[in-house]
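Data block below; observations after.
The values are calculated or read from the model by the stated rules, or taken from the named source; none is laboratory data. Because the structure is predicted, anything quoted here is derived from the model rather than measured. Cβ atoms come from the backbone with ideal geometry, glycine included; neighbour counts cover every protein chain shown.
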Amino acid sequence: MKNWMKLFVVWAAAFGLYAFARIEGSIVASTLWWSFVVLTVYWTLFMIYPVTAANVLRRVTTKRLVSGQTMDVELRIERKYPFLIGMVTLEERLPQRLTDEDKTIVVPVDRFFRQAEVVHYEVGAIKRGIHVFDRTVLHVRDVFGLFDRKRTLRLETVVEVSPAELPFDLPRDEHVGGRGEQYRQMRTYTEVANTTSGVREYAAGDRIGRIDWKASARRGNLMTKTFDQEQEKKLSLVFVPAVSAGYEEAFERSLSLLVGAIRQLERKNLPFELYVIEEQVRLFHLPDQSAEVGHYLLTATPEAEGRLVERVKQNLPQQTGDLILISPFETTSIRELMHETQGSYHLYTAVNEVTV
């Protein structure tokens, strides 16, 4: 039976008891009627006030959300005047793709006598992406369990979960063309490419490493090398989000490797470019486009491998610098890409297996 039908029956019973008390005229009948009038007023107010006057606020208390961690959510329920209620719960349906399970969180609110109550619940093993909580359901029941009401409140909260950061070791100078995860020492990629143009006499303050010892021996005086225009060696970070169906975990791990590489390069204050090899190759200049890269890391999806080498050759400028390539797997196309690279390259993969 619906709540309003129940309330109609209650009022009908109240009028019936009133007529009975008037006819009977006894103290027992009058006491019964007055007692039931109090209950009738309570149930009538219950149908009007507790749900319609309540306000709910949601806040994610976890400061920095990273995939795999536990998220804490705070719900605050308020109303102006207290009211006697038997049971109060808040129900929230988790956004799709936030966790592996599609479930509804039911949070009980204790005794709901004060003007404000704060409750918390946790969501474990959250996933990367932009997730939206769009509503919460307030469910109340009276102390006798006769009436219960639900109200859906539109309450939008946007949650951004970044990919986790995996440890990333920059490769050493003497290791070129191998698997990056084997390297443990870091190096500075901002190197100077110099061309010797001649020699001059040594001056106080010149670096010892620039002394030309052969020329010094011939002339009998210390001679210092002179150089043409100095150029900064260029570094490119290339991310290949190509993965087959069923390997989403490897794709997420490769994103975490990418985050680790970006953080390492930023800690060393190295300027670099990030290429994302999709259907249309995307170029990010860092650190100027950090916000755009952050949005990409939140929304990235795996791509079919397609004509990988051709796309890279068309969009990646020919250079003599270093190239760090990050991919879920080491595929035939990636190996072909390595052979096409003019500078030194370093390959990092999320999974150790090699695919064809």
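Among the strands (runs of 3 or more DSSP E) confined wholly to the stretch 16-104, which include 1 or more residues that are acidic (Asp, Glu)? Spell out the reasoning first.
Values: elements: 55-60, 71-78, 87-93.
Strands (runs of 3 or more DSSP E) meeting the threshold: 71-78, 87-93.
Residue by residue, here is whether (1) over 18 Å from HIS346 (Cβ atoms); (2) surrounded by 13 or more Cβ atoms within 10 Å (Cβ to Cβ); (3) of a type outside the set (A, V, I, L, M, F, W, C); (4) at pLDDT 85 or above holds:
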residue	(1), (2), (3), (4)
ALA217	yes, no, no, yes
PHE239	no, yes, no, yes
GLY246	yes, no, yes, no
LEU257	no, yes, no, yes
ILE262	no, yes, no, yes
LEU274	no, yes, no, yes
ILE277	no, yes, no, no
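Exactly one residue among GLU91, GLU101 is modelled with pLDDT of 85 or more, out of contact with any Phe, Trp or Tyr (no Cβ under 6 Å at 6 or more places or on another chain), assigned by the TED database to the domain that holds ARG64 and among the acidic types (Asp, Glu), and that residue is GLU91.
With the requirement that a residue be closer than 21 Å to THR44 by Cα and surrounded by fewer than 16 Cβ atoms within 10 Å (Cβ to Cβ), what does the stretch 115-145 give you?
Restricting attention to the stretch 115-145, the residues satisfying the condition of being closer than 21 Å to THR44 by Cα are 115, 138-145.
The answer is GLN115, VAL143, PHE144, GLY145.
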